[in-house]
1. Which helices, taking whole DSSP H runs in the chain, have alpha carbons extending 24 angstrom or more along the helix axis plus mean Kyte-Doolittle at least -1.0?
2. Of the residues ALA119, ALA224, ALA129, which exhibits the maximal mean-square fluctuation in a Gaussian network model of the chain defined by a 10 Å Cα contact cut-off?
3. Just the number please: accessible area per residue for segment 142-184, 1.4 Å probe, all protein chains included, in Å².
4. Mind checking which of PHE153, ALA226, VAL237 is farthest towards the positive end of segment 120-257's charge dipole, using Cβ charges of +1 (Lys, Arg) and -1 (Asp, Glu) about the Cα centre?
5. Residues in segment 197-239 near a label at ASP155, defined as backbone nitrogen under 18 Å from the 7 Å Cα→Cβ point?
6. Which percent of the accessible area of segment 116-166 is formed by carbon and sulfur heavy atoms (probe 1.4 angstrom)?
7. Length gain on complete extension for the stretch ALA73 to THR192, per 0.36 nm per residue less the alpha carbon to alpha carbon distance?
8. Please state the charge dipole magnitude for the chain, taken about the Cα centre, from unit charges on C-beta atoms (+1 on K and R, -1 on D and E), reported in debye and rounded to the nearest 20.
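The values are calculated or read from the model by the stated rules, or taken from the named source; none is laboratory data. Only a predicted model underlies this, so the values are computations on that prediction, with no experimental measurement involved. We place every Cβ from the backbone using ideal geometry, glycine too, and count neighbours over all the protein chains shown. Remember, those area values only see protein heavy atoms, side chains included, never the ligands or the DNA or RNA. Shrake-Rupley method; radii C 1.70, N 1.55, O 1.52, S 1.80 Å.
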Amino acid sequence: MSIVNTLLATAASLFAVAAAVVPAAHAQSAPAKSIVLVHGGFVDGSGWQGVYNILKKDGYNVTIVQNPTLSLADDVAVTKRAIAAAEGDVILVGHSYGGVVVSEAGTDPKVKGLVYIAAFAPDAGESIAKLIANPPEGAAVPPILPPQDGFLFLDKAKFAAAFAAGVEPELAAFMADSQVPWGVEALAGEVTVPAWKEKPSWYLVATEDHMIPVDAQRGMAKRAGATTVDQAGSHAVYVSQPQAVAKIIEDAANGVK
């Protein structure tokens with residue numbers, strides 16, 4: 001074989017190797033985006049089903065955390081396990097009390113962005129108990145019953161109007177009857193280092209919310225420097241308006257690329 005032919009053969013071999021390696025390297029540098037969804041108090045993760053279906057259809061890996069809502073520390077631990085098991089970078093999403101959980105768990109290096117859905121976004125040393133201690137004048141008072149053996153429930157007769165207006169009546173009634181006991185200890189759990197101070201965040205304000213005052217939602221979103229979107233809907237906006245909720249989550253996933 002001539003020197004020219006030898007060089008050509010060598011070049012062809014190198015090109016073939018490069019062609020095989022480049023796609024693999026590219027795949028490693030662009031892992032699939034994962035979404036971790038965290039529910040709030042009085043409910044479980046099943047309310048995310050509509051949002052889950054949209055995100056899965058759009059190609060995202062989705063994990064739904066089932067928090068016991070006994071204590072903030074326990075819920076953060078459960079959420080961190082879900083983050084660890086997720087593939088690649090994570091967008092961490094919290095509804096209501098779930099916002100406290102993601103604020104604490106979101107410092108995990110895999111988490112690239114936070115999304116708050118009508119959620120609490122506490123600062124260091126804050127808990128829900130502290131945030132709701134002095135409600136704005138004229139604000140709706142959530143129909144929370146006195147603690148029962150260390151757990152909180154909403155008045156079933158007032159659940160739909162306070163929590164799930166806009167949700168079809170049969171489903172709202174089921175949500176009221178299937179409430180998850182919310183531990184008083186979880187209500188009092190304080191955030192240590194809020195993730196929103198170091199991670200980009202997005203906030204969906206439910207403009208017809210009767211659980212967390214709209215002005216309080218706007219104030220927390222502003223303090224966190226969150227990209228904010230208004231959406232007509234009750235506290236259960238993630239159930240009644242899954243398209244709008246999925247959109248802000250996908251905007252967050254695209255925004256951290």
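1. 3-29
2. ALA129
3. On the way: 2350 Å² over 43 residues.
Per-residue accessible area for segment 142-184 comes out at 55 Å².
4. So the residue furthest toward the plus end is ALA226.
5. 210-213, 235
6. For segment 116-166, the apolar C and S fraction of the accessible surface comes to 59 percent.
7. Working: separation 119, 0.36 × 119 = 42.84 nm, distance 1.09 nm.
Extra length from ALA73 to THR192 when fully extended: 41.8 nm.
8. Result for the chain is approximately 840 debye, rounded to the nearest 20.
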